[in-house]
1. Any chance you could count how many residues in region 56-89 are in a helix (DSSP H, G or I), open to solvent by 70 Å² or more (accessible area, probe 1.4 Å) and not hydrophobic (A, V, I, L, M, F, W, C)?
2. So the check is Cβ under 9 Å with 6+ separation or different chains; which pairs have a first residue in region 140-169 that's in contact (Cβ under 8 Å) with a residue 40 or more places away in the chain and a second one that's assigned to a helix (DSSP H, G or I) and among the small types (Gly, Ala, Ser)?
3. Is it the case that some residue within region 94-110 is part of a strand (DSSP E or B) and at pLDDT below 95?
4. From the list Gly152, Gly142, Gly146, which residue is in contact with an Asp or Glu (Cβ under 9 Å, 6 or more places away or on another chain), open to solvent by less than 70 Å² (accessible area, probe 1.4 Å) and among the small types (Gly, Ala, Ser)?
5. Could you please find all residues in region 90-105 being surrounded by fewer than 16 Cβ atoms within 10 Å (Cβ to Cβ) and either in contact with a Lys or Arg (Cβ under 9 Å, 6 or more places away or on another chain) or among the polar types (S, T, N, Q) (or both)?
6. Can you pull out every residue in region 111-128 that is open to solvent by 60 Å² or more (accessible area, probe 1.4 Å) and assigned to a helix (DSSP H, G or I)?
7. Kindly indicate the residue of region 145-177 that is outside any loop (DSSP other than H, G, I, E, B) and farther than 20 Å from Arg74 by Cβ and also modelled with the lowest pLDDT among those meeting that condition.
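The values are calculated or read from the model by the stated rules, or taken from the named source; none is laboratory data. Keep in mind the model is a prediction, meaning the values are calculated, not measured. Cβ placement follows ideal geometry from the backbone for every residue including glycine, while neighbour counts extend to all protein chains displayed. Keep in mind that these areas ignore ligands, DNA and RNA; they rest on the heavy atoms of the full protein, side chains included. Shrake-Rupley method; radii C 1.70, N 1.55, O 1.52, S 1.80 Å.
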Amino acid sequence: VFILTSLFLACSVPAAETPRPSPDLTMQRGGAAPFQLSQFRGKLVALSFVHTTCSHCQDLTRILKVIQKDYAARNVQVVECAFEDDAATNFPMFLKALEPNFAAGYTTIAAVKKYLKWNDATDGILMIPYMIFIDARGIIRGDFNGKDGFFGESDKHIRAELDKLLKPAAKPAARKK
């Protein structure tokens, strides 16, 4: 597991280039049919990548349950994707223990790295939890690595990011003739 004690330290780690189009991602759900990230197009998506056995990730899941409840009426969809080696085995226990009220599934480490365009040689260790914010058009607007200070106050930072992305775009001032 790639968890370090510095997970919540406010390190200055540049996020991947944003904005950029969100690729699709397929997530498994054990006994249920898999689902695609693209099925949430038209909603603002808060996507978290976690390990089912990580206590920080489990805390994030609890926070995301409240956020999903608070923001559902504002066209926000939380999606969580587990991706450790044993995700398929651990996922049923994770669901039972945490009972997420949002879309949750698992995939492979390789699929997550491909989605993130992550390169261990240049990007280092992929730290968790990891959050991506995708606008209704499918464009990634926020990318927060587990090393990022973003997770020091997850609830506050996630809500601030959602609120920022939910604000209507400012209309340019009318030109005088």
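1. Matching residues across region 56-89 total 6.
2. Here the result reads Lys147/Ser6, each pair linking region 140-169 to a residue that is assigned to a helix (DSSP H, G or I) and among the small types (Gly, Ala, Ser).
3. No, there is no match, as no residue in region 94-110 is part of a strand (DSSP E or B) and at pLDDT below 95.
4. Being in contact with an Asp or Glu (Cβ under 9 Å, 6 or more places away or on another chain), open to solvent by less than 70 Å² (accessible area, probe 1.4 Å) and among the small types (Gly, Ala, Ser) holds for just one of Gly152, Gly142, Gly146, which is Gly142.
5. Scanning region 90-105 gives Glu99, Asn101.
6. Within region 111-128, Lys114, Asp120, Ala121, Thr122, Asp123 qualify.
7. Among those that are outside any loop (DSSP other than H, G, I, E, B) and farther than 20 Å from Arg74 by Cβ, it is Asp148.
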